[in-house]
Structures are given as structure tokens and as C-alpha cells.
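Single-structure report; data block below.
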Amino acid sequence: MEVFASDGTKVGTVDHMEGSDRIKLAKSTSPDGEHHFVPLTWVDHVDRHVHLNKTVSEMKAG
């Protein structure tokens, strides 16, 4: 399932849930080839995709 920032930028693809509070993104879709994690508090809603409540800039800032 694809993951999109609130500005519409695709930020990755879900690998799986890591624990009960974060999503692990697949490293195969990461520009740096590493796994990245998204806290569930950043999730706005889920339909065919995961939509976040943060822009890419906000995500990079932490």
C-alpha cells in the first residue's frame, strides 16, 4: 500500500506494522535504500493508500 504526504508526494510503500504505533516503509521504495518509520499519529486516513497529516518538509523536520 502506497503512503502519501499531505502535499501529495509519495513517500513510500508499507512494508508492515512495527509494533502497535508505527508503520515500517519498504526499503525497496526508499531513495536511500533504508527502512523508514512513520508514527501512527501522522496518519490522517487510509483508503486505497495511507494519507499522512504531514508534508514531506514536516516529516524531514521530525
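Things worth noting here:
- The chain: relative contact order in percent, alpha carbon pairs under 8 Å with at least 6 residues between: 34 percent
- Low-density loop positions, GluC sites (Glu not before Pro), the chain - DSSP coil, at most 13 other Cβ in 10 Å: Glu34
- Going from the residue with the fewest nearby Cβ atoms within 10 Å to the one with the most, Leu52, Leu40 rank Leu40, Leu52.
- Kirkwood Rh in Å, taken over all unlike Cα pairs in region 2-61: 11.3 Å
The numbers here are math on the coordinates, done by the rules we state, and not lab data. All of these numbers come straight from a predicted model, not from anything done at the bench. Note that each Cβ is placed from the backbone with ideal geometry, even for glycine, and that neighbours are counted across all protein chains shown.
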